[in-house]
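Engineer: Submitted below is the structure of interest, expressed as structure tokens.
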């Protein structure tokens, strides 16, 4: 179901595709470790997106 | 001997600049095999430079800088294999100011790889060891700076601080560190972590030492305010409640001392305190990924595992995360400004725990086992995000290990936060304690 904020952590396959587009070639162990970070940061980002007042200026 | 005392002794000709440098080099040679604070020692160059050091407030004073800061003709490795062969073509802006003030740079100090971590355990150059317990981390990322100051290898050092990297090692090593207001000290010639969060600042024995170093590298007057009678001190209760109870109790004795010295204490709540760590990560990780993109493409396997994962995480965050982070930073800053309308400084434990064992990634905090980096974020990221000056000053000991008090000020209030630390240091002797290096070691003679 569509939501108004960023979704949760992506799959390893998705990360590998994004990395390839950027010219970066991580292995599976790298991507597993990245998922550990993203599993914390992405829900936090979604929460901030949800609560950030719309009138907040840029920097 | 403190930096201020060293400067006085050289200026009064009690010792020559060469003798001051020789003393440091001898001490480094004896102790650094235990501590691993240095990545590169500029022995011959420093001795030669001592013979022609210009007059100035740091005339003939030996210093050392974190190995992300360029010193012309010396390696800048950032403790990484990626930059193993990199030699600086010129001085960083802060080093140029140190040299013009007469300081002698005796070497480059160990750091967490690319200043992207809080333990100074580079897989390429080895861990720096906490002089209070060689089995424990010294903190980071400016770990070598904290160790060198605590073990009196040099009287003054420079570190960098993006999200706690000066304050954490200063706290864990029992010395004083200043993260200055963002933009006050030039970051030219410094390997970046994050374009909008990076700062350069001093780690040394005392607040007076840090004030002298800061004045030089900022190129402006820095005289810590005298006395704190009537100063309004906001106590961030939420951070005391989150810290290890023994650490919180010890740091509270330092806060009580501020009250005894005349400060007025007020309990405060900081809006969005729980969100500041996430906001900081959104900005820091995406900017760091941009800095490193060329090496992620060509040298990915040359990074240590932890730093590689952090940089890739930044690469995979959506571009909107950076913009959201910058807008949320403003949101946080607005709330904090309201707090500073009622108080002059904020205080909190600098770190919630004692330094973990080298090789241990987790700490136990109030019955929970959690990654060390998660434990430290709420105590450091909020003030980085707001770009405010923060001093970490020694606040006593728990189980023989130092703990620290963070003193946070308004923008450009370096003289205030250093003045609070200086006043506390005049009334206590925590900052004067020396680590018990191994028995029979020459440093204890």
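Bear in mind that the values in this text are calculations on the coordinates, not laboratory data. The model shown is predicted, which means the values in this text are computed figures rather than measured ones. When we count neighbours, we look across all protein chains shown, and the Cβ atoms used for this are built from the backbone with ideal geometry, even at glycine.
Engineer: Can you give me the Cα centroid spacing of segment B:229-266 and segment B:143-211 in angstrom?
Structural biologist: If we compute the Cα centre of each part, the gap is 23 Å.
Engineer: Follow-up question, since we're still on this one. When the Cα centres of segment B:390-420 and segment A:38-59 are compared, how far apart do they sit, in Å?
Structural biologist: Each part reduced to its Cα centre gives a spacing of 31 Å.
Engineer: Among B:33, B:75, B:202, whose mean-square fluctuation peaks in a Gaussian network model of chain B (Cα, cutoff 10 Å)?
Structural biologist: B:33
Engineer: R0 = 41 Å: FRET efficiency of residue B:34 with residue B:323, Cβ-based, nearest 0.05?
Structural biologist: 0.30
Engineer: Now a separate question. What nm value, rounded to one decimal, do you get for the distance between residue B:14 and residue B:369 when each label is placed 7 Å out toward the C-beta?
Structural biologist: Distance between the two pseudo-spin positions: 5.2 nm.
Engineer: To one decimal place, what orientation-averaged projected area in nm² is obtained for the convex hull of the Cα set of segment B:1-55?
Structural biologist: Over all viewing directions, segment B:1-55 projects a mean Cα-hull area of 4.2 nm².
Engineer: Based on Cα positions only, what radius of gyration and what Dmax would you give for the protein assembly as shown, in angstroms?
Structural biologist: Looking at the protein assembly as shown, its Cα Rg and Dmax stand at 21.7, 76 Å.
Engineer: Follow-up. How big is segment B:42-144 by Rg and Dmax over its Cα atoms, in Å?
Structural biologist: When restricted to Cα atoms, segment B:42-144 yields Rg and Dmax of 14.4, 41 Å.
Engineer: Right, something else. Quick one: grab Rg to one decimal and Dmax as a whole number for segment B:225-372, Cα atoms only, in Å.
Structural biologist: Computed over the Cα atoms of segment B:225-372, radius of gyration and Dmax are 19.4, 58 Å.
Engineer: What translational diffusion coefficient, in µm²/s and rounded to a whole number, does the Stokes-Einstein relation yield for segment B:343-445 at 4 °C and a viscosity of 1.567 mPa s, taking the hydrodynamic radius as the Kirkwood radius over Cα pairs?
Structural biologist: The Stokes-Einstein estimate is 83 µm²/s.
Engineer: Residues of B:282-289, mean number of Cβ from any other protein chain within 10 Å of their own Cβ, rounded to a whole number?
Structural biologist: Partner-chain Cβ atoms within 10 Å, mean over residues of B:282-289: 1.
Engineer: Right, next: In Å and whole numbers, how far do the C-alpha atoms of segment B:98-157 stretch along each principal axis, longest first?
Structural biologist: Here the spans come out as 36, 25, 15 Å, largest first.
Engineer: Here is a further query. Per the Debye formula with a single identical scatterer at each Cα and no solvent contribution, what log10 I(q)/I(0) holds for segment B:182-241 at q = 0.14, 0.23 Å⁻¹?
Structural biologist: -0.62, -1.00
Engineer: Where in segment B:230-267 is the amide nitrogen less than 20 Å from a point lying 7 Å along the Cα-to-Cβ axis of residue B:342?
Structural biologist: Inside the label zone: B:230-242, B:255-256, B:259, B:263-267.
Engineer: Beyond 28 Å, what percent of the Cα pairs of chain B remain? List each step's numbers first, then the result.
Structural biologist: On the way: 42851 of 98790 pairs.
Summing the P(r) tail past 28 Å for chain B gives 43 percent.
Engineer: Counting only helical runs of four or more DSSP H residues, what would the 222 nm mean residue ellipticity of chain B come to if each run contributes -39,500 (n - 2.57) and the total is spread over all its residues?
Structural biologist: Using -39500 (n - 2.57) per qualifying helix, the result is -13000 deg cm²/dmol.
Engineer: Give the whole-number value, in cubic angstrom per residue, of the convex hull volume spanned by the C-alpha atoms of segment B:196-281.
Structural biologist: Details: hull volume 13.1 nm³, N = 86.
For segment B:196-281, the hull spanned by Cα atoms encloses 153 Å³ per residue.
Engineer: Then there's this: Arrange the following residues from fewest to most other Cβ atoms within 10 Å of their Cβ: B:228, B:166.
Structural biologist: Sorted ascending by nearby Cβ count, the order is B:228, B:166.
Engineer: Which of B:225, B:408, B:247 ends up with the largest GNM mean-square fluctuation for chain B, with Cα atoms connected below 10 Å?
Structural biologist: Judging by the Gaussian network model, the answer is B:225.
Engineer: Return the single residue from B:124, B:431, B:59 with maximal mean-square fluctuation; model: Gaussian network over chain B, springs between Cα atoms under 10 Å.
Structural biologist: In this elastic network of chain B, the residue with the biggest mean-square fluctuation among B:124, B:431, B:59 is B:124.
Engineer: Take every Cα pair under 8 Å in segment B:315-445 that's 6+ residues apart, average their separations, divide by the length, and report that relative contact order as a whole percent.
Structural biologist: That works out to 22 percent.
Engineer: Which translational diffusion coefficient, to the nearest whole µm²/s, is obtained for segment B:136-258 from the Stokes-Einstein equation, given a Kirkwood hydrodynamic radius over C-alpha pairs, 25 °C and 0.890 mPa s?
Structural biologist: Result for D is 158 µm²/s.
Engineer: What does the extension gain come out to for residue B:134 and residue B:299, with contour length at 0.36 nm per residue minus their alpha carbon separation?
Structural biologist: Result: 56.2 nm gained on full extension.
Engineer: What's the extension gain from residue B:274 to residue B:256 if we count 0.36 nm per residue and subtract their Cα-Cα distance? Could the numbers behind the result be given before it?
Structural biologist: Values: separation 18, 0.36 × 18 = 6.48 nm, distance 2.57 nm.
Between residue B:274 and residue B:256, full extension yields 3.9 nm more.
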